[in-house]
Amino acid sequence: MLRNLINNGFNSQALIQILYFIPIFLITIVVHECAHGYVAYRMGDPTARNLGRLTLNPLKHMDPIGFLMMMLLGFGWAKPVPINPRNFKNPKRGMAISAIAGPASNILMAIFGAIIAGFINFLYYNLAKSPSSFVELAWVFFWQFMTLNVYFAVFNLIPVPPLDGSRVVSYFLPYKLSYYYNYVERYGFLVLIILLYTGILSIPLTFLSGWIIRGITYILHFVPFLMF
């Protein structure tokens, strides 16, 4: 993001993109992490609540380095919500369900963003008497809100520890194999950096994200007063 701003000579369009991106990113990661903690709490683990992580305060969830990396490279992270699997009746199942809650919250937010964007589009083309830059900016905001949440959900479902997808895969593995699979977590960050840097993940991430976005907009296309 910042690289685009510098490369474009600090023009207004690049600056607007950053002003869009910051609140969208903060909302995305805060709700994502809260979803992990809340579902874990409902399943018997009060760790996140006891540490004050069941809050929408972005300062409680933001990792400064992760935020800076997101601004510079488009790849970042938040502070993971602490979860103690020993508090679950079934630790493997509890970890899997609490893990999937994060991406699920992002998909729900993406649907919300798509609904608002579709409604704004309907009002703009059917009720507006004259073009409005504010309406256009609002539409772009919610469209990007949907897009980033879908991308964030898909990315976190990658089955590389410690991403959420690995918790789901671990649930279906035998305990011994699950142990060795989760052992990779200490090298997970390095693996992700390599996969992202080499572009190996670009095609599947783009394909799956685009497929989900098209699916959301196609379904909502049948809702009255929505236009895409």
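Name the single residue that is surrounded by the fewest Cβ atoms within 10 Å (Cβ to Cβ) among those in segment 38-87 being part of a loop (DSSP other than H, G, I, E, B) and β-branched (V, I, T).
We begin by selecting, within segment 38-87, every residue part of a loop (DSSP other than H, G, I, E, B); these are 43-46, 51-57, 61, 63, 74-77, 79-84.
Subset that is β-branched (V, I, T): 55, 81, 83.
Working: T55: 15, V81: 25, I83: 24.
Per the criteria, the residue is T55.
The set of residues in segment 63-115 being touching a helix residue (DSSP H, G or I) at 6+ places or on another chain (Cβ under 8 Å), closer than 30 Å to L226 by Cα and of a type in the set (A, V, I, L, M) consists of I100, A101, A104, I107, M109, A110, I111, A114, I115.
Could you tell me which of the residues L226, L195, L148 is in a loop (DSSP other than H, G, I, E, B) and in contact (Cβ under 8 Å) with a residue 24 or more places away in the chain? Quick ask: steps written out before the conclusion?
Numbers: L195 fails: in a loop (DSSP other than H, G, I, E, B); L148 fails: in a loop (DSSP other than H, G, I, E, B).
The match here is L226.
Could you check, for segment 165-175, whether at least one of its residues is under 23 Å from V223 (Cβ atoms) and β-branched (V, I, T)? Within segment 165-175, none of the residues are under 23 Å from V223 (Cβ atoms) and β-branched (V, I, T). Between N90, N121, N149, N126, the distinction of being loosely packed, with under 14 Cβ neighbours inside 10 Å, under 22 Å from H221 (Cα atoms) and among the polar types (S, T, N, Q) belongs to N126 only.
Would you confirm whether any residue within segment 96-114 is assigned to a loop (DSSP other than H, G, I, E, B) and out of contact with any Cys (no Cβ under 6 Å at 6 or more places or on another chain)? Scanning segment 96-114 turns up no residue that is assigned to a loop (DSSP other than H, G, I, E, B) and out of contact with any Cys (no Cβ under 6 Å at 6 or more places or on another chain).
Assess whether G215 counts as being on the phi > 0 side of the Ramachandran plot, free of Cβ contacts under 8 Å to residues at least 24 places away in the same chain and surrounded by fewer than 16 Cβ atoms within 10 Å (Cβ to Cβ). Please lay out each step first, then the result.
Numbers: on the phi > 0 side of the Ramachandran plot: no; free of Cβ contacts under 8 Å to residues at least 24 places away in the same chain: yes; surrounded by fewer than 16 Cβ atoms within 10 Å (Cβ to Cβ): yes.
It is false that G215 is on the phi > 0 side of the Ramachandran plot, free of Cβ contacts under 8 Å to residues at least 24 places away in the same chain and surrounded by fewer than 16 Cβ atoms within 10 Å (Cβ to Cβ).
Readers should treat all values here as calculations from the given coordinates under stated rules, not as data from a laboratory. Treat the numbers as computed from the prediction; the structure is a model and nothing was measured. Here the Cβ is made from the backbone with ideal geometry for all residues, glycine too, and neighbour counts use every protein chain on show.
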